[in-house]
Each structure stands twice: as C-alpha cells, then as structure tokens.
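Novice: The structure under discussion is supplied below as structure tokens; questions concerning it will follow.
The values are calculated or read from the model by the stated rules, or taken from the named source; none is laboratory data. Given the structure is predicted, the values throughout are model-derived calculations rather than measurements. Heads up, the Cβs are rebuilt from the backbone with ideal geometry, glycines too, and the neighbour counts pull from every protein chain shown. These accessible areas exclude ligands, DNA and RNA; they are computed on the full protein's heavy atoms, side chains included. Shrake-Rupley method; radii C 1.70, N 1.55, O 1.52, S 1.80 Å.
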Amino acid sequence: MAIRFPLGNDNFPELRQLGNYYIDKTNFIKELLNESFKVNLITRPRRFGKTLTMSMLEDFFDISRDSRNDFAGLAISEEKELCESWMNQWPTIFVSLKEIQGNTFSIAYEKIKHLLSDFCVAHDFLGESENISAFDRALYYRFMEKQGSEGEVQDGFFYLTRMLCNHYKKPVILLIDEYDVPLAKASERGYYPEMLDIIRSLFSKSLKTNPYLKFAVITGCLKIAKESIFTGTNNFVSDTISSNRFEEYIGFTDYDVQKILKDTGFENHAEEMKYWYDGYRFGSVDVYCPWDVLNHAAALQVNENSSYHSERRNPTSVPDNSKKLVRGPGKGDRQKRAV
C-alpha cells in the first residue's frame, strides 16, 4: 500500500490524525526543554519543516488540548516524567507572521490587527473570564473588533500573554513563525522603517522581562540582526544553520532519508536521492530538503521510472565523476550549498 506523504500539510495534529507519514522529530521537545534560554530564535531555509515543528510544539504544550493520541508511539512519549510535567500543561500562543505583508504599510498594519482579532475569536472564553482585569477584558474586545489603538497593537503580544497567564494562572509559551516575513516584504516594497518600528515593539515588550512568559520559540528564514528587533532581550540565543543546537531536527538527515526509502521499498534509489538533495550542512550534520525528498518519494510511488527534481535534470545523464568530493575550507567535507 502506498504511503500517504503529508505534502503541503504542516498541521501536526491533523497530519497525525489522518495517518500521514511522519519522520519522528519529537525529541526536539526534550532538547528544547533541556536548554535554559528564555527566547530561542531558529533560522532555516524555506520548505525545511519549520512550521510543522512549531505546530508540533503547540500541540504538545497547549493546555487546552489532549494530545496523547497525537504523540502515541513517538519518541517523546517514552519520556514519562517530561510528558507529565509538560504535555498540555501550559497556555500556548502560536502565531505566524507570514501574512503580515502588502503593497503599502497601511495594508500590512491592518493584517497585524486581523492577527490579533483572529486570536481573540479563537479564545473567546477570555471575554468572559473572571480572572482577567476589566481593562484587559475591554482591550480583548477592542482587539477582536480591530479597534485597538496603535500603541495597543504594538504591545499586542504582551497583552495576549498577560490575558492567558491570568486566566490559567500559568506563564505562557509563545511560538512565532515566519518572524522575518513582514520586514523582508517591507524592504521590498519601501516601508521598512515603519514596519521595523511595529515589529520591534511587538517583540520587545513580549520577550523582554515579560513576567507572563514561560519561554518563546521564534522561527524564520533570515537572521535579522539582534540589535534591530531583539534589543535588550535577556536570555536570548540564536540558532542558525552554522550552529550545533537542534541541527538534525529541522530537515532530513541521511538516516531519515534511508528510513523513507526502506519504508517505501525504494532503497535502490539511495544514491539518486543523495545526489539530488543532500545539499546542506547544519552545524556538523548533512541535511536534505524535506520538501524535495518527500515529493521525489511520492513520485516514485506513482511511477518508479519518473523523477521529481527541483532542478529538473536527469541524474542518469550525469557522468560518475561529476559526484567527486569538493574539499571544504579546513574540514575536508563536501562543500554544501550556500543558504
């Protein structure tokens, strides 16, 4: 029976409930919790599974869920004490800034207000909570109706953490995906200074000495200078592709790819897969692009003679000596693609 690959699906609980194929990356949770950093910034290229990883974290921590079935049989479920202390025990906010963009600053700014409104609609119990102040309750309704003042919007993430913390009487885990998109798009379209001011304000108060914050994880493709938007943030660590932290958890390792090929019965395509997609090095680990690997494996299930290649070349036409090793600076490793 053909394996159901989750092509284009980055919703972890849905993926698990539909029985889609999943390479177990849940030990990332254990390593993350072993760290003591309040704010974790992780940058990786596009299509490497960042959003799926963040969705997994949300599903694991979110106090409003019961995720035991989603994690059943996965590595993290073997960590009994950790799961008892952390699984579905913490109020969690997961937001993506991917849609915070537009041809003008005013359009992008309106989308920030929509983001705050969507959160409030999804957490409608806050409007009636007896544990939050009258001020925050009124602010909640202003956010929901997209009527918050500029200052309130700029501190929006801080206010959301305060509301959730006061409601549940526990500090909040904050997950922010695609953090760099608003600034990248603003730079392209000519309103970077205005957007920088908003993003800096959103992050500064919510991440810096926020008494309502348990910890935060932030992901994106680009590393924007810490001084630009994380000014003054304490206990901050940036994990880039050159870092050794979490190096094997976002992207596929050679072990992961070999498992996919074994599970699909296409182990004879190992060299082909390695030639086309083993093009990155994160820290000390060679990493494959998950999007390309899964699309290639899915194409093989349809027709073993067909090929999916992001560069659309035929590997059978490449002479054997084209795969010779290229010495990297000082380490003797095959040179990987620049990211």
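Novice: Taking 26 Å as the cut-off for C-alpha to C-alpha distance, list the pairs among 98/208; 223/274; 30/259; 38/274; 25/214 that go past it.
Specialist: Pairs exceeding 26 Å: 223/274; 38/274.
Novice: With angles folded into 0 to 90 degrees, how steeply does helix 50-61 sit against the dominant principal axis of the chain? Use alpha carbons for both and round to 10.
Specialist: That works out to roughly 50 degrees.
Novice: Using a 1.4 angstrom probe, figure out how much accessible area segment 45-113 has per residue, in square angstrom, rounded to the nearest whole. Don't jump to the answer; show the numbers that get you there.
Specialist: Values: 3220 Å² over 69 residues.
Result: 47 Å² per residue.
Novice: If I take all pairs of Cα atoms in the chain, what percentage of them are more than 24 Å from each other?
Specialist: Distances greater than 24 Å cover 60 percent of the Cα pairs.
Novice: With θ set to phi - 60°, apply the Karplus curve 6.51 cos²θ - 1.76 cosθ + 1.60 along segment 194-208 and write out the HN-Hα couplings as whole Hz, x wherever there is a Gly or Pro.
Specialist: So the Karplus estimates, Gly and Pro as x, are 5, 5, 4, 4, 5, 5, 4, 5, 4, 7, 4, 6, 7, 9, 8 Hz.
Novice: By per-residue mean of other Cβ atoms within 10 Å, what is the highest-first order of 184-192, 120-128, 47-55?
Specialist: On the way: 184-192: 16.0, 120-128: 13.9, 47-55: 21.2.
Listed from highest to lowest mean packing, they are 47-55, 184-192, 120-128.
Novice: Which listed residue (104, 217, 55) has the Cα farthest towards the positive end of the charge dipole for the chain, taking +1 on Lys and Arg C-beta and -1 on Asp and Glu C-beta about the Cα centre?
Specialist: Of the options given, the answer is 104.
Novice: Tally up the carbon and sulfur contribution to the accessible surface of the chain as a whole percent, 1.4 Å probe, everything protein left in place.
Specialist: Exposed carbon and sulfur together represent 47 percent of the surface.
Novice: A further question follows. Amide H neighbours of residue 62 under 5 Å, counting only residues 5+ apart in sequence or on other chains, H built in-plane at 1.01 Å?
Specialist: Under 5 Å from the amide H of residue 62 lie the amide H atoms of 88, each far enough along the sequence or on another chain.
Novice: Only Cα pairs under 8 Å and at least 6 apart count here; give the relative contact order of segment 107-253 as a rounded whole percent.
Specialist: This gives 22 percent for segment 107-253.
Novice: So who's got an amide H within less than 5 Å of the one on residue 252, skipping anything under 5 residues away but keeping other chains? H placed 1.01 Å off N, in plane.
Specialist: Those lying under 5 Å, H to H, from residue 252 are 288.
Novice: Oh, and also: In terms of modelled amide H atoms, which long-range or inter-chain residues lie less than 5 Å from the amide H of residue 94?
Specialist: So residue 94 has HN proximity to 175.
Novice: Here is a further query. What dipole magnitude, in Debye to the nearest 20, does the chain give about its Cα centre under +1 on Lys/Arg Cβ and -1 on Asp/Glu Cβ?
Specialist: Computed about the Cα centre, the dipole is about 880 debye.
Novice: Shifting gears a bit: With every protein chain present, what is the per residue accessible area of segment 1-41 (1.4 Å probe, Å²)?
Specialist: Computed with neighbouring chains in place, this is 51 Å² per residue.
Novice: How much accessible area per residue does segment 143-214 have, in Å², with a 1.4 Å probe?
Specialist: Each residue of segment 143-214 exposes 38 Å² on average to a 1.4 Å probe.
Novice: For helix 105-122, report the angle its Cα long axis makes with the longest principal axis of the Cα atoms of the chain; keep it between 0 and 90° and round to the nearest 10°.
Specialist: So the helix axis and the longest Cα principal axis differ by about 80 degrees.
Novice: What residues of segment 240-275 lie in the reach of a label at residue 4, counting those whose backbone N is under 17 Å from a point 7 Å from the Cα along Cα→Cβ?
Specialist: Label zone hits: 264.
Novice: Tell me the angle of helix 156-168 to the major Cα principal axis of the chain, expressed in degrees between 0 and 90 and rounded to the nearest ten.
Specialist: Roughly 80 degrees between the two axes.
Novice: Suppose only helical runs count, i.e. DSSP H with n ≥ 4. What mean residue ellipticity at 222 nm does that imply for the chain under -39500 (n - 2.57) per run, divided by all residues and rounded to the nearest 500 deg cm²/dmol?
Specialist: -12500 deg cm²/dmol
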